[in-house]
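Worksheet: the structure to be examined is printed underneath.
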Amino acid sequence: MHGPASPAWLLVALCAATGAYCLLRMRSGVEDQRRAAGGDAVMGFGMAAMAVPSAVFTPPAWAWAGGAVVFGAAGLRGLWAARAGRRHLHHLVEAGAMVYMAAVMAASPAAGSAAHVHGHGTSGPPVLTGALLLYFAGYVLLTGVRLIPGVAVAGGGAGGDGAATAGWGDRPELARACRLAMAIGMLAMLPAM
């Protein structure tokens, strides 16, 4: 990523912490939640690696191509999982955004001097960037609204209807918060390309 170092390091910390939390979520007893947590962990750590300031470490172009392959495979997995339910479509879009950003980053060093000559940067097609920004902005708003505590549900709480017996890795609001953090990270990364 190109831009100021302090926000980039905050983004690295957010994405790495999210990826680490998602690894912990993989201990769930529910297989579907373990798979989703694994995909979230890959995205979180991949975003953390992409967000490292280029002044600190600039990986070779082949590393970005490798990242595009990894996230392409994650996208295919998301496409396969989307057959079971539309909630998996977000993983597909997220993986596609990561492939897009990795491809732009891979092309960035080779086109460095040509970008100044032709008068445009290497940020990729602005329409695709704009579409991804709109998607992730909508996702952030929708997920944020879903996380707002509502009216207390009768029977909920410590002695409720089994909600207290679920492990902390099985709580849907924590998974939403994890995906919300990564979507916010995407909103920060896309315009900085």
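The values are calculated or read from the model by the stated rules, or taken from the named source; none is laboratory data. Bear in mind that the values here come from a model prediction, so they are computed numbers and not experimental data. Every residue, glycine as well, gets a Cβ built from its backbone with ideal geometry; the counts of neighbours run over all protein chains shown.
For Met43, the stated conditions hold: it is in contact with an Asp or Glu (Cβ under 7 Å, 6 or more places away or on another chain) and closer than 16 Å to Ile184 by Cα. Pairs are defined by a Cβ separation below 6 Å, a sequence spacing of at least 6 or placement on different chains, a first member in segment 54-72 that is among the aromatic types (Phe, Trp, Tyr), and a second member that is in a helix (DSSP H, G or I); the pairs so defined are Trp64/Ala102; Trp64/Met105; Trp64/Ala106; Phe71/Ala95; Phe71/Met98; Phe71/Val99. The residue that is modelled with the highest pLDDT, among those in segment 170-193 that are small (Gly, Ala, Ser) and surrounded by fewer than 19 Cβ atoms within 10 Å (Cβ to Cβ), is Ala177. Report yes if some residue within segment 57-67 is touching a Ser or Thr at 6+ places or on another chain (Cβ under 9 Å) and under 26 Å from Pro7 (Cβ atoms); otherwise report no. Within segment 57-67, one or more residues are touching a Ser or Thr at 6+ places or on another chain (Cβ under 9 Å) and under 26 Å from Pro7 (Cβ atoms). The set of residues from segment 17-30 being part of a helix (DSSP H, G or I) and either modelled with pLDDT of 95 or more or more than 16 Å from Leu187 (Cα to Cα) (or both) comprises Ala17, Gly19, Ala20, Tyr21, Cys22, Leu23, Leu24, Arg25.
Once segment 52-104 is narrowed to residues that are assigned to a loop (DSSP other than H, G, I, E, B) and among the hydroxyl-bearing types (Ser, Thr, Tyr), the residue that is surrounded by the fewest Cβ atoms within 10 Å (Cβ to Cβ) is Thr58.
Whether any residue in segment 145-167 is modelled with pLDDT of 90 or more and surrounded by 11 or more Cβ atoms within 10 Å (Cβ to Cβ) is what I want to check. It would help to see each step written out before you state the result.
Kept after step one, since they are modelled with pLDDT of 90 or more, are these residues of segment 145-167: 145.
Remaining after also requiring surrounded by 11 or more Cβ atoms within 10 Å (Cβ to Cβ): none.
Taking every residue of segment 145-167 in turn, none turns out to be modelled with pLDDT of 90 or more and surrounded by 11 or more Cβ atoms within 10 Å (Cβ to Cβ).
Could you please find all residues in segment 44-62 being closer than 21 Å to Ala13 by Cα and aliphatic (A, V, I, L, M)?
Residues of segment 44-62 that are closer than 21 Å to Ala13 by Cα, as a first pass: 44-59.
Met47, Ala48, Ala49, Met50, Ala51, Val52, Ala55, Val56 - these are the residues of segment 44-62 that are closer than 21 Å to Ala13 by Cα and aliphatic (A, V, I, L, M).
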